[in-house]
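Novice: For reference, the structure I am asking about is given below.
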Amino acid sequence: MPPAASKRILVVDDSTVMRSLLRSVLLSAPGFEVAGTAGDGESALRLIEVLRPDLVLLDVEMPVMDGLATLRKLRSRGYKMPVIMCSALTQRGGRVTIEALASGASDYVAKPNGQAGPAAAMQTLARELLPKLMALTSVDSSAPVLSLPSRIPPIIPRGECVASSPAILVLGVSTGGPAALDILLPALPRNFPLPVLIVQHMPELFTRLLAERLAQRCALLVSEAAEGAAVQPGRIAIARGNWHLEVLPPSRSSLSPTLHLTQAPPENHCRPAVDVLFRTAAAHYGSGVLAVVLTGMGSDGLAGARLIRARGGTVLAQDRESSSVWGMPGAVAQAGLAQRILPIREIAPELIRLVSRAPSVRNQPCEVTA
């Protein structure tokens, strides 16, 4: 069998230093080649028409046409190749990056800052960028994939409840998450009766900006998780970057469960980790946990989903076609833990259906909004 063709990457950045650094990273790894380079968005769009790259590395801030405008034009012209945004970890860079991720960018990498020299900068960038390139272009597909359809007929009969009384909704998501959350969360109605807790793999600045953006788009109240905050129905809390999010049981000082932020060691190379949230939610809510695993690299959430199912809870997973990377949901599906595997646009209606059929809310059906 002939070796697989290298994946062709277009590098777009107005900085010659950054273009050189990205080129060096790509040339250091087998399976990738630089299809071309551009210094602004307009030039990039012209090159894309000619080169048809497999993936685009796109700077956020550029002259002539910035990264967000370039991305939107790229998608409006029907190009579906993955796009990774290259962003500085600043307030402005973070806000634009969040908007880009919600607008169809697949992922982002932070530009190296404060490194000792070019070699250290290259090593830092390679450590963050290469796994994402591999996941988004399937260069790392040497591991066997089970012959499992991306969409499985419902295991839960349409006329039955999945838990005696769903009490909390927990979601885990990584690569492609902002776009997925941008579809799912605004579709939940104002009277959705469960607390919603989310772990999205992101740095601290980005999780706050993500929460702020979703707060403007959702009927439910959205905020970044705060230490000691009560777990309240109809409120969405997003785990703070670099902090695990746990659910603590009621105590003498609080009649309801509360949120706890901790910087315990990373799990699955992640902090926050989905497994931490799922595990602590299952410990307190048992069969009342309704969990959703969305698009993302790796298998964070797998152990937590297994525990939720063991406690009698319910697990849904996003399907392969609508996922940027079918790593996290794929791991849950291939382990036989997902009772349903659904396209992203069908998950919110399914959550509404499951919650509305629960005994505690059967006489208070959720409003279904267009």
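The values are calculated or read from the model by the stated rules, or taken from the named source; none is laboratory data. Small disclaimer: the values here were computed from a predicted structure and weren't measured. In this analysis, Cβ positions are derived from the backbone assuming ideal geometry, glycine residues included, and neighbour counts consider all displayed protein chains. Side chains included, ligands, DNA and RNA excluded: accessible areas come from the protein's heavy atoms. Shrake-Rupley method; radii C 1.70, N 1.55, O 1.52, S 1.80 Å.
Novice: Comparing G312, G172, G117, which has the greatest mean-square fluctuation in the GNM of the chain with Cα pairs linked when under 10 Å apart?
Specialist: Looking only at G312, G172, G117, the largest GNM fluctuation is found for G117.
Novice: If we sort 250-259, 337-346 on the protection proxy, mean other Cβ atoms within 10 Å, highest first, what's the order?
Specialist: Values: 250-259: 13.4, 337-346: 20.0.
Per-residue mean Cβ counts within 10 Å order the peptides as 337-346, 250-259.
Novice: Comparing I48, I238, I308, which has the greatest mean-square fluctuation in the GNM of the chain with Cα pairs linked when under 10 Å apart?
Specialist: Among I48, I238, I308, the largest GNM mean-square fluctuation belongs to I48.
Novice: Another question about this same structure. Quick one: what are the phi-derived ³J(HN,Hα) couplings along segment 33-46, Karplus 6.51/-1.76/1.60 with θ = phi - 60°, whole Hz, x for glycine and proline?
Specialist: Per-residue couplings from phi come out as 9, 7, 6, x, 9, 8, x, 7, x, 4, 4, 4, 5, 5 Hz.
Novice: Out of the total accessible area of the chain (probe 1.4 Å, heavy atoms of protein only), what percent is carbon and sulfur?
Specialist: Working: 8450 of 15920 Å².
Carbon and sulfur: 53 percent of the exposed surface of the chain.
Novice: Compute the accessible area per residue over the chain, keeping the other protein chains in place, probe 1.4 Å, unit Å². Let's see the in-between values first.
Specialist: Working: 15920 Å² over 370 residues.
Heavy-atom accessible area per residue stands at 43 Å².
Novice: Only Cα pairs under 8 Å and at least 6 apart count here; give the relative contact order of segment 223-332 as a rounded whole percent. Don't skip to the answer; put the middle values down first.
Specialist: Working: 225 pairs, mean separation 23.3, N = 110.
The value is 21 percent.
Novice: Right, another one. Is it possible to state the helix-based mean residue ellipticity at 222 nm for the chain, with each DSSP H run of 4+ residues giving -39500 (n - 2.57), the sum divided by total residues, to the nearest 500 deg cm²/dmol? What is it? List each step's numbers first, then the result.
Specialist: Details: 11 runs with 126 residues, N = 370.
Using -39500 (n - 2.57) per qualifying helix, the result is -10500 deg cm²/dmol.
Novice: Kindly provide the GluC sites (Glu not before Pro) of segment 177-280 that DSSP labels as loop, not H, G, I, E or B, and whose Cβ sees at most 13 other Cβ atoms within 10 Å. Could you put the intermediate results ahead of the total?
Specialist: Details: sites: E204, E212, E224, E227, E246, E267; in loops: E227.
Taking segment 177-280 and a limit of 13 other Cβ atoms within 10 Å, the loop GluC sites (Glu not before Pro) found are E227.
Novice: Expressed in nm to one decimal, what extension gain is obtained for the pair E33 and A264 from 0.36 nm per residue of sequence separation less their Cα-Cα distance?
Specialist: Numbers: separation 231, 0.36 × 231 = 83.16 nm, distance 3.87 nm.
Additional length available on full extension: 79.3 nm.
Novice: Let me ask something additional. Give, rounded to the nearest 20 debye, the magnitude of the charge dipole that segment 250-316 has about its Cα centre when Lys and Arg contribute +1 at Cβ and Asp and Glu contribute -1 at Cβ. Intermediate values should be presented prior to the final figure.
Specialist: Details: 6 positive and 3 negative charges, 41 e Å.
Here segment 250-316 has a charge dipole of around 200 debye.
Novice: Which shape class applies to segment 227-370: rounded if a/c is under 1.5, otherwise prolate when a/b exceeds b/c and oblate if not, where a ≥ b ≥ c are the square roots of the Cα gyration tensor eigenvalues?
Specialist: On the way: a/c = 1.68, a/b = 1.05, b/c = 1.60.
Because a/c hits 1.5 or more and a/b fails to exceed b/c, segment 227-370 counts as oblate.
Novice: Further question: Here are some values of volume of the Cα convex hull per residue in Å³: (i) 240; (ii) 182; (iii) 144. Which one was computed from this structure?
Specialist: Evaluating volume of the Cα convex hull per residue in Å³ on these atoms matches (iii).
Novice: Between A219 and L255, what FRET efficiency comes out of the Förster formula 1/(1 + (r/R0)^6) with R0 = 25 Å and r the beta carbon distance, rounded to 0.05?
Specialist: Numbers: r = 26 Å, r/R0 = 1.05.
After rounding, the FRET efficiency stands at 0.45.
Novice: Follow-up question, since we're still on this one. Under 10 Å, Cα contacts only: if you run a Gaussian network model on the chain, which one of Q115, Q334, Q318 comes out with the highest mean-square fluctuation?
Specialist: Q115
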